[in-house]
Amino acid sequence: MIIRCAAFAQDVQDTTWYGSLPNPDSLDITGDFVKSYSTGWFPQPFKARSTGVIATTNFYEWDRANNIRSASFKPTKYAFSAANPFTGDEDEIKKPNSDKPEDDKFTSEGYSSIGLYYAYNVPFLSCVLRGAAVWEASRTRLYSLDTSRSFLALNGAPQPFREVSVLFSNQHFINLQAGLAIPVYGVFAETEVMTISSYYYIYGGVQAAGRILSENTQYVQIADAKDRIRFPNGRDTVTVMNTIPLQTGNTFRFNADVALGWRLGWRGVLNFSVEWYATIPLNGVVSDADWRQYRFGMRTTLGYERN
């Protein structure tokens, strides 16, 4: 009887349910088909290199400037700030002696960049080194609001109006970037037919940007009474500084760079990544005032991966 029970126990199968997957103990993932792999949290990358194009889609460029004055600006009664005092379409520049808007470039703000990158997987450090050379363009405005002015209305009474001094800054840079990405979760697998990776990562780096173009225009604009008064030139604006470099502008700008992204690599085919990034300035736009630029957006890379 005891012998019969022992024999029955040997015939009992493992009834643990693994859903649609086989029992993991029965898998031989390192067999002939899969040469090597690393998966899960903080996977170890295999050796690989990639080169290609890197570009940004910028969603926000924030100028931190609050009541600043600089030798780069023409003197104004009140200091400059990043806060936009215009409402609606008040910042539209009108044609001389007309209410029709004039085509102008001073309301076109934003940031864009495109360049080349090189990435190198470092297996023993479980990271990916990345460097890039990028052309970037930044277009931004600062404002100085003056509410102390008035004009004589038809009834003979003084009528106050808002006058805004605007600094439009258009600057281009060559930006050299270096940093490293740490794979946080994903897979690196080398098989008989392909070598592929897919993982989420965090990135940290530094940027050094050298200025190659600096065009800065400062003008005074009537904000809320342009339908009743104009300057002697018939316009609602008077230009006091036209496309000149910032006198105290920093030739080199430095930023810390952080990002969270996802990357897909397929050796011999492509390397693609998309990441949300932010840059934090380590120095200012000018040397004699606290004017700094922060950027937030999406950055993508598309290139070719090889061993």
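How many residues does region 120-152 contain that are within 24 Å of N175 (Cα to Cα) and not β-branched (V, I, T)?
15
Regarding A48, is this residue over 24 Å from the mean Cα position of the chain (by Cα), surrounded by 14 or more Cβ atoms within 10 Å (Cβ to Cβ), within 30 Å of I202 (Cα to Cα) and among the aliphatic types (A, V, I, L, M)?
For A48, the condition - over 24 Å from the mean Cα position of the chain (by Cα), surrounded by 14 or more Cβ atoms within 10 Å (Cβ to Cβ), within 30 Å of I202 (Cα to Cα) and among the aliphatic types (A, V, I, L, M) - is met.
Scan region 287-307 and tell me whether some residue there is out of contact with any Ser or Thr (no Cβ under 6 Å at 6 or more places or on another chain), part of a strand (DSSP E or B), aliphatic (A, V, I, L, M) and modelled with pLDDT under 95.
no
Counting only residues that are of a type in the set (A, V, I, L, M) and under 18 Å from the mean Cα position of the chain (by Cα), which one in region 166-192 is surrounded by the most Cβ atoms within 10 Å (Cβ to Cβ)?
Narrowing region 166-192 to residues of a type in the set (A, V, I, L, M): 166-167, 174, 176, 178, 180-182, 184, 187, 189.
Then keep just the ones that are under 18 Å from the mean Cα position of the chain (by Cα); that gives 174, 176, 178, 180-181.
On the way: I174: 14, L176: 15, A178: 13, L180: 17, A181: 25.
Once the filter is applied, the top-ranked residue is A181.
Sort out which residues of region 235-276 are within 23 Å of the chain's Cα centre (by Cα), assigned to a loop (DSSP other than H, G, I, E, B) and surrounded by 14 or more Cβ atoms within 10 Å (Cβ to Cβ), and write them in order of number.
Answer for region 235-276, where residues must be within 23 Å of the chain's Cα centre (by Cα), assigned to a loop (DSSP other than H, G, I, E, B) and surrounded by 14 or more Cβ atoms within 10 Å (Cβ to Cβ): just N250.
Name the residue, out of T191, T237, that is among the polar types (S, T, N, Q) and more than 30 Å from G88 (Cβ to Cβ). Step through it out loud before you land on a result.
Numbers: T237 fails: more than 30 Å from G88 (Cβ to Cβ).
Answer to the selection: T191.
Since V220 meets every condition but one in (1) among the aliphatic types (A, V, I, L, M); (2) farther than 21 Å from W266 by Cβ; (3) in a loop (DSSP other than H, G, I, E, B), which condition does it not meet?
If we test V220 against (1) among the aliphatic types (A, V, I, L, M); (2) farther than 21 Å from W266 by Cβ; (3) in a loop (DSSP other than H, G, I, E, B), just (3) comes out false.
The values are calculated or read from the model by the stated rules, or taken from the named source; none is laboratory data. What you see is a predicted model, and the numbers here were worked out from it, not measured in a lab. As a convention, Cβ positions derive from the backbone with ideal geometry for all residues, glycine included, and neighbour counts pool all protein chains shown.
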